[in-house]
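Engineer: Take this structure first; my questions come after.
The values are calculated or read from the model by the stated rules, or taken from the named source; none is laboratory data. Remember, it's a predicted structure, so these values are computed and weren't measured experimentally. Counting neighbours? That spans all protein chains shown, and the Cβs are built from the backbone with ideal geometry, glycine included. All accessible areas refer to the heavy atoms of the entire protein, side chains included, with ligands and DNA or RNA removed. Shrake-Rupley method; radii C 1.70, N 1.55, O 1.52, S 1.80 Å.
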Amino acid sequence: MVDLSVNFAGVELKSPIVTASGTFGSGKEYSQFVDLNRLGAITVKGVSHEPWAGNPPPRIAETHGGMLNAIGLQNPSAREFIANDLPFLKQFDTKVIVNLCGRTIEDYIAVAKDFDEAEGIDFFELNISCPNIKAGGMAMGTDPKMAEEVTRVVKQHAKVPVIVKLSPNVTDIVSIAKGAEAGGADGLCLINTLLGMRIDIRNKQPILGNKIGGLSGPAIKPVAVRMVYQVAKATNLPIIGTGGVSTWEDAIEFIMAGATAVSVGTANFANPRATIEILDGIISYMQDNKIQNLNQIRGIIE
Amino acid sequence: MKEMHLIDAKIIRNEKIDHDIFAMELHAPEIAKTARAGQFIMVYLDKGELLLPRPISIYDTDCDAGTMKIIYQVVGKGTAVLSKLPFAQDVKILGALGNGFDIEALASDKPSHVAIVGGGIGIPPLYLLAKTLAARGVKIDVYMGFRNAASILMDILVNDLLPIANKNSIATEDGSAGYHGYVTGVLESQGAGIQYDEIFSCGPKLMLQAVANLAKRVNTPCQLCMEERMACGIGTCVGCVVKVGGNYVRVCTEGPVFRGDEVMCDG
Ligand SMILES: Cc1cc2nc3c(=O)[nH]c(=O)nc-3n(C[C@H](O)[C@H](O)[C@H](O)COP(=O)(O)OP(=O)(O)OC[C@H]3O[C@@H](n4cnc5c(N)ncnc54)[C@H](O)[C@@H]3O)c2cc1C
Ligand SMILES: Cc1cc2nc3c(=O)[nH]c(=O)nc-3n(C[C@H](O)[C@H](O)[C@H](O)COP(=O)(O)O)c2cc1C
Ligand code: FES
């Protein structure tokens, strides 16, 4: 038997496969295709203190090997999430990562406090990188000082470990990662979506209602692997690697680059059973290669 | 929670019925058994660079044979891939998805009289609806709009619908068959004076808007089947929204059928 468990910031995940925020809802729908008990953690869709209306449609555009989205973090608020979704998740023996979004530092504090009384939460994941919200996320995720500050204030109010999710839309990802580390982050998740755009040449209009959106899927994987590799070398924080993971080979690539866990996003749309198929592939790979624990290959790339 | 089935369905038939319109029949007993009119399936193309599944309405089901039928138009790369899938191959599908038409909205204590209004490739979900309503003894007037008379799709639909419809009216944009103009025009002229209990419609956005306006004017409840770009098809990505009562709601989950007085077709 191989040992799939991983230690992430002092919390044991039973497997290295996690779901990516915004692509798995709160797990309810996918629980019909996937045994949620086998996942290391479920990262739920981004929640904010107040409800967010989201962007005008169209919000989705397919691209070669990927997709653009401009959802605009539509969500009914943390309170609604706690009332309606959290009870469902508590039935499962897996960890819960709550993805937090805000337009200001105060928003982040408010949403973190919304969870003061909530039970069944294992981590916060700070989305300081959502490219869709013009006022907030973008700026914080692209400046090391801002990243440090928002991490620090949320840490002060958080009762669970805090993962900071980084934006790839920066020149130097390492400097942002170090900012989050200096702010007291317990772990990192990277990468969020890359800003992109598509134009309908017949209508001479952008396809997305928001004009620009975030690129995800296999098309972004090499960028994500490179960033995980650079950040793993430069910080001491555990990393959830994400970006285009759709096969077990992709997951192993991220782990060799230095990721502790791997999250699966867009692949859930292309194959609702993707998470479990990836996990089964990792098990076979470990058995075939006589790997007892993924630590044996984690970060082996010099 | 709604029953969804992710299955590998065998292709029993996949053939061209008009120059860019195809009919596909699939062996999918689980879906055939539960599907309601107005629901749709996600079709997984399993084709690397074409990542996302394609939403397609359920045209017809046969519970005894365990089969279902879809009718689709080749408009891009995904539907082109679909059109080339050979007989007997398996295709992964997920369904039945969405709410479907609300048939319970019709009074059960008296015979109902309804109008079904469809435009072009928006007609597929309306066939199963007509069939279901006919089985309940509902009197159905069908209004269909096409670009021109040279549409074989039109012949097929007319043939399929003829036996169940009380009245079958056609409009063509070029006047080559039936009423000259839009389908809402023929509904307005031929339906004048009829107090329908409900209007059901599916088709291009502009047509749905016109149907909604007309329904409002004649004070008739109407149900519109909407389309929006989708990624997951099951409610998790919040990508497929339309505005209902000032809020964005998901077409794949709260829809695709919405009440005409609630949904804003223009955005
Ligand atoms: C609920 C629902 C039911 C549908 N039922 C039918 C049907 O019965 N028959 C039929 O022919 N078509 C139907 N459509 C439209 C059909 O899904 C699109 O024509 C198809 O996805 C186009 O894919 P493509 O790769 O050929 O085109 P491309 O334009 O290359 O597609 C690129 C992307 O855009 C999306 N897209 C393109 N056009 C549409 C559209 N009109 N609506 C939603 N997404 C779109 C595709 O899904 C894909 O993600 C339905 C759409 C929805 C939402
Ligand atoms: C439809 C959609 C919604 C997303 N919503 C969120 C979100 O709410 N919060 C967040 O931090 N990331 C969000 N993301 C980013 C993903 O979690 C992930 O970081 C990114 O898509 C890259 O991984 P992938 O290629 O596996 O999808 C979203 C991505 C998609 C496609
Ligand atoms: S397609 Fe994802 S929510 Fe409707």
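Engineer: Could you identify the single residue in B:93, B:11, B:71 that is in contact with a strand residue (DSSP E or B) (Cβ under 7 Å, 6 or more places away or on another chain), modelled with pLDDT of 95 or more and buried (at least 21 other Cβ atoms within 10 Å of the Cβ)? Steps first, please.
Structural biologist: Values: B:11 fails: buried (at least 21 other Cβ atoms within 10 Å of the Cβ); B:71 fails: modelled with pLDDT of 95 or more.
Just one listed residue meets the conditions, B:93.
Engineer: Residue check: is residue B:50 out of contact with any Leu (no Cβ under 8 Å at 6 or more places or on another chain) and buried (at least 17 other Cβ atoms within 10 Å of the Cβ)? Give the steps one after another, and end with the answer.
Structural biologist: Working: out of contact with any Leu (no Cβ under 8 Å at 6 or more places or on another chain): yes; buried (at least 17 other Cβ atoms within 10 Å of the Cβ): yes.
It is true that residue B:50 is out of contact with any Leu (no Cβ under 8 Å at 6 or more places or on another chain) and buried (at least 17 other Cβ atoms within 10 Å of the Cβ).
Engineer: Quick one: is residue B:96 more than 14 Å from ligand 1 (Cβ to nearest atom) and hydrophobic (A, V, I, L, M, F, W, C)? Talk me through it step by step, then tell me what you get.
Structural biologist: Numbers: more than 14 Å from ligand 1 (Cβ to nearest atom): no; hydrophobic (A, V, I, L, M, F, W, C): yes.
No, not satisfied.
Engineer: Do we find a residue being under 22 Å from residue B:44 (Cβ atoms) and open to solvent by 10 Å² or more (accessible area, probe 1.4 Å) anywhere in the range B:104-121? Outline the logic, then answer.
Structural biologist: As a first pass, look at the range B:104-121 and keep what is under 22 Å from residue B:44 (Cβ atoms): B:121.
Okay, now just the ones that are also open to solvent by 10 Å² or more (accessible area, probe 1.4 Å), so B:121.
Yes.
Engineer: Let me ask something additional. Considering only the range A:273-280, I want to know if a residue exists there that is within 14 Å of chain B (Cβ to nearest Cβ) and out of contact with any helix residue (DSSP H, G or I) (no Cβ under 8 Å at 6 or more places or on another chain). I'd like the intermediate steps shown before the answer.
Structural biologist: Step one: filter the range A:273-280 for residues within 14 Å of chain B (Cβ to nearest Cβ), giving A:273-277.
Still in the list and also out of contact with any helix residue (DSSP H, G or I) (no Cβ under 8 Å at 6 or more places or on another chain): A:273.
Looking through the range A:273-280, at least one residue is within 14 Å of chain B (Cβ to nearest Cβ) and out of contact with any helix residue (DSSP H, G or I) (no Cβ under 8 Å at 6 or more places or on another chain).
Engineer: What's the number of the condition residue B:215 fails, among (1) aliphatic (A, V, I, L, M); (2) buried (at least 17 other Cβ atoms within 10 Å of the Cβ); (3) assigned to a loop (DSSP other than H, G, I, E, B)?
Structural biologist: Residue B:215 satisfies every listed condition except (3).
Engineer: Any chance the range B:227-238 includes a residue that's open to solvent by less than 10 Å² (accessible area, probe 1.4 Å), in contact with a Lys or Arg (Cβ under 6 Å, 6 or more places away or on another chain), within 16 Å of ligand 2 (Cβ to nearest atom) and at pLDDT 95 or above?
Structural biologist: Yes, the conditions are met somewhere in the range B:227-238.
Engineer: Looking at the range B:60-79, is at least one residue on the phi < 0 side of the Ramachandran plot, within 14 Å of chain A (Cβ to nearest Cβ) and assigned to a loop (DSSP other than H, G, I, E, B)?
Structural biologist: Start the filter on the range B:60-79 by keeping residues that are on the phi < 0 side of the Ramachandran plot, which leaves B:60-65, B:67-79.
Imposing the further condition that a residue be within 14 Å of chain A (Cβ to nearest Cβ) reduces the set to B:75-79.
Narrowing further to those that are assigned to a loop (DSSP other than H, G, I, E, B): B:75-76.
Yes, the conditions are met somewhere in the range B:60-79.
Engineer: Here's a check for you: in the range B:38-59, which residue that is aromatic (Phe, Trp, Tyr) and assigned to a strand (DSSP E or B) is farthest from ligand 1 (Cβ to nearest atom)? Break it down stepwise before answering.
Structural biologist: We begin by selecting, within the range B:38-59, every residue aromatic (Phe, Trp, Tyr); these are B:40, B:44, B:59.
Among the residues that remain, those that are also assigned to a strand (DSSP E or B) are: B:40, B:44.
On the way: B:40: 4, B:44: 12 Å.
Looking at residues that are aromatic (Phe, Trp, Tyr) and assigned to a strand (DSSP E or B), I get B:44.
Engineer: Looking at B:190, B:209, which is the one that is within 21 Å of the chain's Cα centre (by Cα) and either crowded, with 24+ Cβ neighbours inside 10 Å or more than 30 Å from residue B:5 (Cβ to Cβ) (or both)? Lay out the reasoning, then the answer.
Structural biologist: Values: B:190 fails: within 21 Å of the chain's Cα centre (by Cα).
Result of the check over B:190, B:209: B:209.
Engineer: Same structure, new question: For residue A:244, are the conditions met, namely being within 8 Å of ligand 2 (Cβ to nearest atom) and either part of a helix (DSSP H, G or I) or open to solvent by less than 50 Å² (accessible area, probe 1.4 Å) (or both)?
Structural biologist: For residue A:244, the condition - within 8 Å of ligand 2 (Cβ to nearest atom) and either part of a helix (DSSP H, G or I) or open to solvent by less than 50 Å² (accessible area, probe 1.4 Å) (or both) - is met.
Engineer: Within the range B:35-50, track down each residue that is modelled with pLDDT of 95 or more and within 14 Å of chain A (Cβ to nearest Cβ).
Structural biologist: B:41, B:42, B:43, B:44
Engineer: Let me ask something else about it. Does residue A:289 satisfy the criteria of being away from chain B (no Cβ under 14 Å), without any contact (Cβ under 8 Å) to a residue 60 or more places away in the chain and more than 16 Å from ligand 1 (Cβ to nearest atom)?
Structural biologist: Values: away from chain B (no Cβ under 14 Å): yes; without any contact (Cβ under 8 Å) to a residue 60 or more places away in the chain: yes; more than 16 Å from ligand 1 (Cβ to nearest atom): yes.
So residue A:289 fits the description; yes.
Engineer: Checking residue B:99 against (1) buried (at least 22 other Cβ atoms within 10 Å of the Cβ); (2) within 16 Å of ligand 3 (Cβ to nearest atom); (3) under 30 Å from residue B:195 (Cα atoms), which single condition isn't satisfied?
Structural biologist: Evaluating residue B:99 over (1) buried (at least 22 other Cβ atoms within 10 Å of the Cβ); (2) within 16 Å of ligand 3 (Cβ to nearest atom); (3) under 30 Å from residue B:195 (Cα atoms) leaves (1) as the failure.
Engineer: Out of the range A:25-41, which residues are among the polar types (S, T, N, Q) and more than 9 Å from chain B (Cβ to nearest Cβ)?
Structural biologist: Looking only at the range A:25-41, we keep the residues that are among the polar types (S, T, N, Q), and these are A:26, A:31-32, A:37.
Scanning the range A:25-41 gives a single hit, A:37.
Engineer: What do you reckon, is residue A:237 within 17 Å of the chain's Cα centre (by Cα), closer than 15 Å to residue A:167 by Cα and either part of a loop (DSSP other than H, G, I, E, B) or not aromatic (Phe, Trp, Tyr) (or both)? Quick ask: steps written out before the conclusion?
Structural biologist: Numbers: within 17 Å of the chain's Cα centre (by Cα): yes; closer than 15 Å to residue A:167 by Cα: no; either part of a loop (DSSP other than H, G, I, E, B) or not aromatic (Phe, Trp, Tyr) (or both): yes.
Here the answer is no, as residue A:237 does not meet what is asked.
Engineer: Next question, about the same structure. Find the residue count for the range B:219-249, including only residues that are free of Cβ contacts under 8 Å to residues at least 12 places away in the same chain and more than 6 Å from ligand 3 (Cβ to nearest atom). Spell out how you get there, then give the answer.
Structural biologist: Just the residues of the range B:219-249 that are free of Cβ contacts under 8 Å to residues at least 12 places away in the same chain, to begin with: B:219, B:229, B:236-237, B:239, B:246-249.
Then keep just the ones that are more than 6 Å from ligand 3 (Cβ to nearest atom); that gives B:219, B:229, B:246-249.
Qualifying residue count for the region: 6.
Engineer: For the range B:74-88, indicate whether the set of residues that are touching a residue at least 12 places away in the same chain (Cβ under 8 Å) and under 22 Å from residue B:209 (Cα atoms) is non-empty.
Structural biologist: Quick first cut of the range B:74-88, residues touching a residue at least 12 places away in the same chain (Cβ under 8 Å) only: B:74-75, B:77-79, B:81-83, B:85-88.
Cutting the leftovers down to under 22 Å from residue B:209 (Cα atoms) gives us none.
No - not one qualifying residue is present in the range B:74-88.
Engineer: Across the range A:262-272, which residue is nearest to the other protein chains (Cβ to nearest Cβ) among those that are buried (at least 23 other Cβ atoms within 10 Å of the Cβ) and within 13 Å of ligand 2 (Cβ to nearest atom)?
Structural biologist: Filtering first and then ranking leaves A:269.
Engineer: How many residues does the range A:26-41 hold that are in a loop (DSSP other than H, G, I, E, B) and surrounded by 24 or more Cβ atoms within 10 Å (Cβ to Cβ)?
Structural biologist: Of the range A:26-41, the ones in a loop (DSSP other than H, G, I, E, B) are A:26-29, A:33-35, A:39-40.
In the following step, the residues that additionally are surrounded by 24 or more Cβ atoms within 10 Å (Cβ to Cβ) were identified as A:39-40.
Counting residues in the range A:26-41 that are in a loop (DSSP other than H, G, I, E, B) and surrounded by 24 or more Cβ atoms within 10 Å (Cβ to Cβ) gives 2.
Engineer: Let me ask another. Here are some residues: A:299, A:281. Which one is out of contact with any strand residue (DSSP E or B) (no Cβ under 7 Å at 6 or more places or on another chain), open to solvent by less than 50 Å² (accessible area, probe 1.4 Å) and either assigned to a loop (DSSP other than H, G, I, E, B) or without any contact (Cβ under 8 Å) to a residue 24 or more places away in the chain (or both)? Working first, answer last.
Structural biologist: Details: A:281 fails: either assigned to a loop (DSSP other than H, G, I, E, B) or without any contact (Cβ under 8 Å) to a residue 24 or more places away in the chain (or both).
That would be A:299, the only listed residue that is out of contact with any strand residue (DSSP E or B) (no Cβ under 7 Å at 6 or more places or on another chain), open to solvent by less than 50 Å² (accessible area, probe 1.4 Å) and either assigned to a loop (DSSP other than H, G, I, E, B) or without any contact (Cβ under 8 Å) to a residue 24 or more places away in the chain (or both).
Engineer: Continuing with the same structure: What number of residues within the range A:57-96 satisfy the criterion of being open to solvent by 50 Å² or more (accessible area, probe 1.4 Å) and more than 10 Å from chain B (Cβ to nearest Cβ)? Spell out the reasoning first.
Structural biologist: First, pick out the residues of the range A:57-96 that are open to solvent by 50 Å² or more (accessible area, probe 1.4 Å): A:64, A:76, A:79-80, A:83-84, A:87, A:90-91, A:93, A:95.
With the extra rule that they be more than 10 Å from chain B (Cβ to nearest Cβ), the set shrinks to A:79-80, A:83-84, A:87, A:90-91, A:93, A:95.
Qualifying residue count, the range A:57-96: 9.
Engineer: So, of the residues in the range A:167-214 that are of a type in the set (A, V, I, L, M) and part of a strand (DSSP E or B), which turns out to be nearest to residue A:53 (Cα to Cα)?
Structural biologist: At the first step, the residues of the range A:167-214 found to be of a type in the set (A, V, I, L, M) are A:170, A:173-174, A:176-177, A:180, A:182, A:185, A:188, A:190-191, A:194-195, A:197, A:199, A:201, A:207-208, A:212.
Now restrict to residues that are part of a strand (DSSP E or B): A:188, A:190, A:194-195, A:197, A:199, A:212.
Details: A:188: 28, A:190: 26, A:194: 22, A:195: 21, A:197: 22, A:199: 24, A:212: 17 Å.
In this case the residue turns out to be A:212.
Engineer: Any chance you could count how many residues in the range A:42-56 are at the interface with chain B (Cβ under 8 Å from one of its Cβ atoms) and either more than 24 Å from residue B:263 (Cα to Cα) or surrounded by fewer than 21 Cβ atoms within 10 Å (Cβ to Cβ) (or both)? Full working, then the answer.
Structural biologist: Filtering the range A:42-56 for residues at the interface with chain B (Cβ under 8 Å from one of its Cβ atoms) gives A:45, A:53-54, A:56.
If we keep only those that are either more than 24 Å from residue B:263 (Cα to Cα) or surrounded by fewer than 21 Cβ atoms within 10 Å (Cβ to Cβ) (or both) too, we end up with A:45, A:53, A:56.
Here the count works out to 3.
Engineer: Sticking with this structure for a sec: Counting only residues that are away from ligand 1 (no atom under 16 Å from the Cβ) and in contact with a helix residue (DSSP H, G or I) (Cβ under 7 Å, 6 or more places away or on another chain), how many does the range B:206-220 have? Spell out how you get there, then give the answer.
Structural biologist: Step one: of the range B:206-220, the residues away from ligand 1 (no atom under 16 Å from the Cβ) are B:210-220.
In the following step, the residues that additionally are in contact with a helix residue (DSSP H, G or I) (Cβ under 7 Å, 6 or more places away or on another chain) were identified as B:210-211, B:214.
Total satisfying the criteria: 3.
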